[in-house]
Amino acid sequence: MRTCLDRALTFAGATLAAVYAPEVGTRELQLVDTSGSVPSGPAPPERLPLSGDSPAARAFRTHHPLWLTAETPLGALPLGIQGSRLGCLLVLGASPDGFEAEQRRFLERYADAVAALLPPGADPPVPTPLLGPALRSLRVGSFVLSPDTGLIEADDTLLELVGITPDDFDGKVDTLLAHALPEDMHALMSVLEPTTDAFGRRDLEFRVRGPTGEMRWLSLSCRAEPGAGDGPQQVLGVVTATPVLRRGGDDVSRIQWLTAALDDAATVRDVGRVVVAALREPLAA
């Protein structure tokens, strides 16, 4: 779970996540759980005064998230349920440009999942760990693929999303791909077997068939790590459930969005409305 958490934080643009909760009997926030590391600079402090000017204390007092872009970009997200103040999730950014909008949305969902695990009152002890179980509740899976061998290291959450039990998984990427819809196979292969000039982050939505035949959308984000020789040594990635398909700018994303939208079209008028919506943006019409 800790490895999956570190991978998920990487794709959320964070190098470190830390949970602070009020310490009983004091006016301080206490560090209760961390994951990741700080590339340079000091580690997160064990305690922060509630009346101080730290981002964590400010987010806790105001109950509003803070996104700061400075020498070390960071986000401070208040933890609470129905107006209660339970703590703060502090994340350090990996990019000097700060967190992208999609990364912020994921981290805000992640903060809600962490808050759901915190006790509502001041007296009960704070459970630890928090970060791993919160990620598990969001159903975020991760993998490491070796394109040269076709072997893939997948965690239990990813196998659950695809519809494979751990006992039935043989460690081969073909076993996972066999559960994807044939129409999405070409796009998946282009992402999981990148060329030597495609070492950046890649994002894709795809569909799988569950054990009972139901179809579900999954979102995949991956990054190829260059290795010695002509090809990538590893492909690192995360997979999450996608309740609503996003409309991307590439041809594959447009076709996938159109296909999903047409599934709900019941009349000729519905079909016309969906197709017009799909064509208006790329044609600038």
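The values are calculated or read from the model by the stated rules, or taken from the named source; none is laboratory data. The model shown is predicted, which means the values in this text are computed figures rather than measured ones. For neighbour counting, all protein chains shown are included, and Cβ atoms are generated from backbone atoms with ideal geometry for every residue, glycine included.
For the reader, a short list of remarks on this structure follows.
- Taking (1) in the same structural domain as GLU193 (by TED's automatic domain parsing); (2) at pLDDT 90 or above in turn, LEU92 satisfies each apart from (1).
- Single match in GLY150, GLY227 (criterion: small (Gly, Ala, Ser) and either modelled with pLDDT under 85 or assigned by TED's automatic domain parsing to the domain that holds ALA113 (or both)): GLY227
- Contact map, region 52-70: first residue under 16 Å from ARG104 (Cα atoms), second residue in a helix (DSSP H, G or I) and of a type outside the set (Val, Ile, Thr), Cβ cut-off under 6 Å, separation 6 or more or different chains; pairs are LEU66/PRO55; LEU66/ALA59.
- The condition of being more than 30 Å from ALA154 (Cα to Cα), in the same structural domain as PRO133 (by TED's automatic domain parsing) and buried (at least 20 other Cβ atoms within 10 Å of the Cβ) holds for only one of LEU86, LEU66, LEU77, LEU50, that being LEU86.
- Among residues of region 93-116 being within 14 Å of the chain's Cα centre (by Cα) and among the acidic types (Asp, Glu), the one that is nearest to VAL24 (Cα to Cα) is ASP112.
- Within region 117-173, the set of residues being of a type in the set (A, V, I, L, M, F, W, C) and within 15 Å of the chain's Cα centre (by Cα) comprises LEU131, ALA134, LEU135, LEU138, VAL140, PHE143, LEU158, LEU161.
- Taking every residue in region 5-26 that is farther than 14 Å from LEU79 by Cβ and pairing it with any residue that is assigned to a helix (DSSP H, G or I) and polar (S, T, N, Q), at least 6 positions away or on another chain, the pairs with Cβ-Cβ distances below 9 Å are PHE11/GLN103; ALA12/GLN103; GLY13/GLN103; ALA14/GLN103.
- Among the residues of region 76-97, those that are small (Gly, Ala, Ser) and without any contact (Cβ under 8 Å) to a residue 60 or more places away in the chain comprise ALA76, GLY80, GLY83, SER84.
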